[in-house]
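The values are calculated or read from the model by the stated rules, or taken from the named source; none is laboratory data. This one's a predicted model, so the numbers in the text were calculated from it and none came from an experiment. Cβ atoms come from the backbone with ideal geometry, glycine included; neighbour counts cover every protein chain shown.
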């Protein structure tokens, strides 16, 4: 059965403070910076069919951050409340400075989370990875679906086998691992997807509880072309949801745009390109409230109930 989607109303998400209906747009205040995301660069070793950040072997819109640039942000006074630093891309292991960044984060007593496809770029850093302490480090491997054919339709032939092999290697080396999957692929309800992953984990002796929403994160899809309601201040009461539960209440992301002299802070992992979500060059500047003026804010965070960190 073909599902028809309504195209996003072009009048929506135009004004940061007012919706298309003239209602007050919801915003989210930073209640306390607990997670700093680091986009290590948008280059990736593969090209997926539905990558929200359009990572590929040629997309360098966000260039590699250096270990020194990340360290400078971590040295800011506002970083003292941090609990976790997450690394995303692109493929983070393509950035040669990633092991040094991880050593720095772990040396500061912070939790480190790496999002990876666990393919060749990660294995190229095997020696450096093995030199890191296991405590405080989690590596989240992207497996879009438990069925190889469905995963490979999104990520390319042979991708499932390579990522699963990398996941098994991480387990064998004693690393804490999580998996990130996708809800829309395969057309199944969430319970069936989790059951399928549970079978996969059991068959491969992978110690992940598929029922745990953090150990196995299943993300809703993001398509900014599809219609979605705008989030108003009234929605918090209607949905019985607190703005404090959204990522932008406790997290920011460090990026470096191609051609830029220095890194910048953006509101979250989902909106690295939109200039309306760039908040400044320092953590102090990035403490400003975030207006929920993008379809991803509604679909992924408010209505989808998803978050990228623990």
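Which of the following residues is in contact (Cβ under 8 Å) with a residue 12 or more places away in the chain and either within 30 Å of residue 295 (Cα to Cα) or exposed (fewer than 12 other Cβ atoms within 10 Å of the Cβ) (or both): 212, 152, 144?
Details: 212 fails: in contact (Cβ under 8 Å) with a residue 12 or more places away in the chain; 152 fails: in contact (Cβ under 8 Å) with a residue 12 or more places away in the chain.
So the residue among 212, 152, 144 that is in contact (Cβ under 8 Å) with a residue 12 or more places away in the chain and either within 30 Å of residue 295 (Cα to Cα) or exposed (fewer than 12 other Cβ atoms within 10 Å of the Cβ) (or both) is 144.
With respect to the numbered conditions (1) farther than 27 Å from residue 20 by Cβ; (2) crowded, with 18+ Cβ neighbours inside 10 Å; (3) free of Cβ contacts under 8 Å to residues at least 60 places away in the same chain, which one is the sole condition not fulfilled by residue 254?
The number of the failed condition is (3).
When the residues of segment 261-282 are narrowed to those that are assigned to a loop (DSSP other than H, G, I, E, B) and free of Cβ contacts under 8 Å to residues at least 24 places away in the same chain, which ends up surrounded by the fewest Cβ atoms within 10 Å (Cβ to Cβ)?
First, the residues of segment 261-282 that are assigned to a loop (DSSP other than H, G, I, E, B): 261-263, 267-274, 281-282.
The next check asks that each one be free of Cβ contacts under 8 Å to residues at least 24 places away in the same chain; those that pass are 261, 267, 274, 281.
Values: 261: 7, 267: 28, 274: 14, 281: 15.
Among those that are assigned to a loop (DSSP other than H, G, I, E, B) and free of Cβ contacts under 8 Å to residues at least 24 places away in the same chain, it is 261.
Taking only segment 167-203 into account, find how many residues are modelled with pLDDT of 95 or more and in contact with a helix residue (DSSP H, G or I) (Cβ under 6 Å, 6 or more places away or on another chain).
Count: 1.
Restrict the check to segment 54-73 and report whether at least one residue is touching a residue at least 40 places away in the same chain (Cβ under 8 Å) and more than 25 Å from the chain's Cα centre (by Cα). Full working, then the answer.
The initial filter retains those residues of segment 54-73 that are touching a residue at least 40 places away in the same chain (Cβ under 8 Å), namely 60-65, 69-70, 73.
Adding the requirement that they be more than 25 Å from the chain's Cα centre (by Cα) leaves none.
Looking for residues that are touching a residue at least 40 places away in the same chain (Cβ under 8 Å) and more than 25 Å from the chain's Cα centre (by Cα), one finds none in segment 54-73, hence no.
Can you pull out every residue in segment 216-250 that is surrounded by fewer than 14 Cβ atoms within 10 Å (Cβ to Cβ), part of a helix (DSSP H, G or I) and in contact with a helix residue (DSSP H, G or I) (Cβ under 8 Å, 6 or more places away or on another chain)?
Result: 239, single match.
If residue 31 satisfies all but one of (1) buried (at least 23 other Cβ atoms within 10 Å of the Cβ); (2) assigned to a loop (DSSP other than H, G, I, E, B), what's the number of the condition it fails?
Answer for residue 31: the failing condition is (1).
Pull up segment 98-141, narrow it to residues that are assigned to a loop (DSSP other than H, G, I, E, B) and touching a residue at least 40 places away in the same chain (Cβ under 8 Å), then point me to the one that is farthest from residue 196 (Cα to Cα). Outline the logic, then answer.
First pass over segment 98-141, keeping only residues assigned to a loop (DSSP other than H, G, I, E, B): 108-110, 117-119, 125, 131-136.
Filter again for touching a residue at least 40 places away in the same chain (Cβ under 8 Å), leaving 117-119, 134.
Values: 117: 19, 118: 20, 119: 22, 134: 28 Å.
That would be 134.
Out of all the residues in segment 285-306, which are part of a loop (DSSP other than H, G, I, E, B) and closer than 12 Å to residue 268 by Cβ? Give the derivation first.
Filtering segment 285-306 for residues part of a loop (DSSP other than H, G, I, E, B) gives 288-289, 292-294, 303-306.
Of everything in segment 285-306, those that are part of a loop (DSSP other than H, G, I, E, B) and closer than 12 Å to residue 268 by Cβ turn out to be 292, 294, 306.
Show the residue pairs meeting these rules: Cβ distance below 7 Å; 6+ apart or different chains; first residue within segment 1-30 and farther than 19 Å from residue 287 by Cα; second residue at pLDDT below 95 and exposed (fewer than 10 other Cβ atoms within 10 Å of the Cβ).
Between residues of segment 1-30 that are farther than 19 Å from residue 287 by Cα and residues that are at pLDDT below 95 and exposed (fewer than 10 other Cβ atoms within 10 Å of the Cβ), the close pairs are 7/225; 8/225.
Out of segment 166-194, which residues are touching a residue at least 12 places away in the same chain (Cβ under 8 Å), in a helix (DSSP H, G or I) and exposed (fewer than 15 other Cβ atoms within 10 Å of the Cβ)? Steps first, please.
Taking segment 166-194 first, the residues touching a residue at least 12 places away in the same chain (Cβ under 8 Å) are 166-171, 173-186, 190, 193-194.
Among the residues that remain, those that are also in a helix (DSSP H, G or I) are: 166-171, 190, 193-194.
The one that is touching a residue at least 12 places away in the same chain (Cβ under 8 Å), in a helix (DSSP H, G or I) and exposed (fewer than 15 other Cβ atoms within 10 Å of the Cβ): 190.
Only residues that are in contact with a strand residue (DSSP E or B) (Cβ under 7 Å, 6 or more places away or on another chain), more than 20 Å from residue 278 (Cα to Cα) and surrounded by fewer than 17 Cβ atoms within 10 Å (Cβ to Cβ): list them for segment 34-86, please.
Within segment 34-86, 47, 57, 83 qualify.
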